[in-house]
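Single-structure report; data block below.
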Amino acid sequence: MSEPLLPGAPHLAYQGAVLCMEGHALTELARSHGTPLFVYSKAAMLHALSAYQRGFAGRNAQICYAMKANSSLALLQVFAQAGCGFDIVSGGELQRAQMVGADMQKVIFSGVGKTRSEMHQALAAGIGCFNVESESELTVLNQVAQACGKQAPVSVRVNPNVDAQTHPYISTGLKDNKFGIAHEQALATYQHAAGLSNLRIVGIDCHIGSQITQTGPYLDAMDRVLDLVDAIEAAGIALAHIDFGGGLGIQYQQEVPPQADALWSTLLSKLDARGYGRRKLLIEPGRSLVGNAGVCVTEVLYLKPGDEKNFCIVDAAMNDLPRPAMYQAFHAIAPVHLAQNNSADGVIYDVVGPVCESGDWLGRDRTLAVQPGDLLAVCSAGAYCMSMASNYNTRGRAAEVLVDGSHARLIRARELMADQVQGERLLD
Ligand code: LLP
């Protein structure tokens, strides 16, 4: 087996001329299931998880997978069976956690806009914690809990006003973001919460952004949060857990984010130094657990040479892989079958999909030696691709396969037209 394509994705590598996921030829999987096709590696997911588990060895820590990164049920099963809890942001995600038999005590509910009905649903399910993001949400949660005769476990999400140094759309810990309660107001919010009879304060949390590739912002956020823990506990309010959110980046291209175990070794040293090393810790990683465990296999439909640009038109599009259109994100794109003739000259293409938008591109200025009918793999497609996929242009969602050792299982059938129009009604 040759070197993996991306050091961050060790389970994706060429065997001979063919790109394989955990030894399964992507050509074969595409033949069996069609394209576009998402292929995930269970071993890659568990490998990513194990870095966190190593980092937390001997500590009282709970990993709550942020399922918004990829909420396909089979992937959730893998994490539930590995002992993870879940970070959810909607009633729908709560139901997904229930469908895979998650331990509800390990489920935490984040998000700025929880509805009364979602709160009700989560209280009935007995989740471990509501991460509350505003004073008005605290008031409503207290009312809903009172109406169902329960005490809601709460943590306040604080906004530490730290720059995560990432794309502005996925930065969440700055003052001008909609997330969390400002650092200066946090103590008062806790004092207010402590006076509400149907709330039980269990923790504090923060989340500063996503695709963070440096340790510095985490260290800053930790200091800011621990300052608050000092102040809140000095005011007589105990915090059983501290939740440091998710956000650790993955390698898409040249970036070298810290490994989860190295990051946590640094962060735990700070926690120890500040006397919180034995406190129960929660984290909410999403992308770093699944991002590099998946690829999207797509077929080249047409090559369209032009004066200014050459286009390589493929059958996957922005509805399957929205990240380039939304954040100008880079995903490596590699041939699934290396050209027989290694001297075949590459041509510089923009790799684009069939959707009727100029924003429908998957990669720009990529050198490829391809012909119509060839397959390409869009790499690092395990996170925020299928979970953000849409039906734009009445395109059905792609199929998904999970590779697990010698097995390759279809975990989501390609969406049919009948699925898409199921809830629609023709006029009489
Ligand atoms: N916790 C909270 C409260 C979050 O808002 C998020 C992500 C996470 C945890 C997980 O963060 P992660 O470990 O995955 O970075 N669609 C964007 C990313 C949006 C992230 C939203 N929040 C993208 O494709 O880059």
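The values are calculated or read from the model by the stated rules, or taken from the named source; none is laboratory data. Small disclaimer: the values here were computed from a predicted structure and weren't measured. Using ideal geometry, Cβ is built from the backbone for each residue, glycine included, and neighbour counts are taken over all protein chains shown. Heads up: the accessible areas ignore ligands, DNA and RNA and are worked out on the full protein's heavy atoms, side chains in. Shrake-Rupley method; radii C 1.70, N 1.55, O 1.52, S 1.80 Å.
Excluding residues on the same chain fewer than 8 positions from Lys42, give the lysines whose Cα lies under 29 Å from its Cα.
Lys68, Lys106, Lys280
Below 8 Å between Cα atoms, with a sequence gap of 6+, how large is the relative contact order for the stretch 292-428 in percent?
Numbers: 268 pairs, mean separation 39.0, N = 137.
So the answer I get is 28 percent.
Taking 8 Å as the Cα distance limit and 6 or more residues as the minimum spacing, I'd like the relative contact order of the chain as a percentage.
Details: 953 pairs, mean separation 81.5, N = 428.
About 19 percent, as a whole number.
Picking from Glu137, Glu184, Glu284, which is most flexible by a Gaussian network model of the chain using Cα springs under 10 Å?
Glu184
Using helices alone, what [θ] at 222 nm do you get for the chain, with -39,500 (n - 2.57) per DSSP H run of 4 or more residues, divided over all residues and rounded to the nearest 500? Let's see the in-between values first.
Details: 12 runs with 121 residues, N = 428.
Per the formula, -8500 deg cm²/dmol.
Would you look at the GNM of the chain, springs on alpha carbons closer than 10 Å, and say which of Asn177, Asn159, Asn393 moves the most?
Looking only at Asn177, Asn159, Asn393, the biggest GNM fluctuation is shown by Asn393.
Please label the shape of the stretch 1-92 as rounded, prolate or oblate, based on the square roots a ≥ b ≥ c of the eigenvalues of the alpha-carbon gyration tensor (a/c under 1.5 means rounded; beyond that, a/b larger than b/c means prolate, else oblate). Don't jump to the answer; show the numbers that get you there.
Details: a/c = 3.15, a/b = 1.53, b/c = 2.06.
Taking the square roots of the gyration eigenvalues as a ≥ b ≥ c, the stretch 1-92 is oblate.
Shape verdict for the stretch 60-167, please, from the Cα gyration tensor: rounded (a/c under 1.5), prolate (a/b greater than b/c) or oblate.
Numbers: a/c = 1.85, a/b = 1.14, b/c = 1.63.
Taking the square roots of the gyration eigenvalues as a ≥ b ≥ c, the stretch 60-167 is oblate.
Tell me, how many Å apart are the Cα centres for the stretch 295-350 and for the stretch 353-428?
Cα centroid of the stretch 295-350 versus Cα centroid of the stretch 353-428: 14 Å apart.
Need the C-alpha centroid separation for the stretch 261-279 versus the stretch 188-249, integer Å.
With the stretch 261-279 and the stretch 188-249 each reduced to a Cα centre, they are spaced 15 Å.
Considering only the other residues whose Cβ falls under 11 Å of the Cβ of Asn391, what net charge follows from Lys and Arg at +1 and Asp and Glu at -1? Working shown, then result.
Values: positive: Arg395, Arg397; negative: Asp320, Glu415, Asp419.
Result for the neighbourhood of Asn391: -1.
Which of rounded, prolate, oblate describes the chain, given a ≥ b ≥ c as roots of the alpha-carbon gyration tensor eigenvalues and a/c under 1.5 marking rounded, otherwise prolate only if a/b is larger than b/c?
Because a/c hits 1.5 or more and a/b exceeds b/c, the chain counts as prolate.
Please sort through the DSSP H helices of the chain and keep those with an alpha-carbon extent of at least 24 Å along the long axis and a Kyte-Doolittle average not below -0.5. Could the numbers behind the result be given before it?
Values: long enough: 216-234 (27 Å, 0.33).
TM-like helix candidates: 216-234.
Only Cα pairs under 8 Å and at least 6 apart count here; give the relative contact order of the stretch 1-54 as a rounded whole percent.
Values: 51 pairs, mean separation 12.4, N = 54.
RCO, the stretch 1-54: 23 percent.
Quantify, in whole percent, the carbon and sulfur part of the accessible surface of the chain (1.4 Å probe; protein heavy atoms only).
Working: 9000 of 18000 Å².
Heavy-atom surface of the chain belonging to carbon and sulfur, 1.4 Å probe: 50 percent.
Pick from Ala25, Ala13, Ala82: which residue has the top mean-square fluctuation in a GNM of the chain where Cα pairs under 10 Å get a spring?
Ala82
Can you list the trypsin sites (Lys or Arg not before Pro) in the stretch 1-89 that are in a DSSP coil and have 16 or fewer other beta carbons within 10 angstrom? Walk me through the numbers before you get to the answer.
On the way: sites: Arg31, Lys42, Arg54, Arg59, Lys68; in loops: Arg59.
Counting only loop positions with at most 16 other Cβ atoms within 10 Å, the trypsin sites (Lys or Arg not before Pro) in the stretch 1-89 are Arg59.
Using the heavy atoms of the protein chains and a 1.4 angstrom probe, tell me the accessible area per residue for the stretch 339-391 in square angstrom. Walk me through the numbers before you get to the answer.
On the way: 2350 Å² over 53 residues.
I get 44 Å² per residue for the stretch 339-391.
Cross-link partners among aspartates and glutamates for Lys270, C-alpha distance below 18 Å, same-chain residues fewer than 8 apart left out?
Asp205, Asp220, Asp223, Asp227, Asp230, Asp243, Asp261
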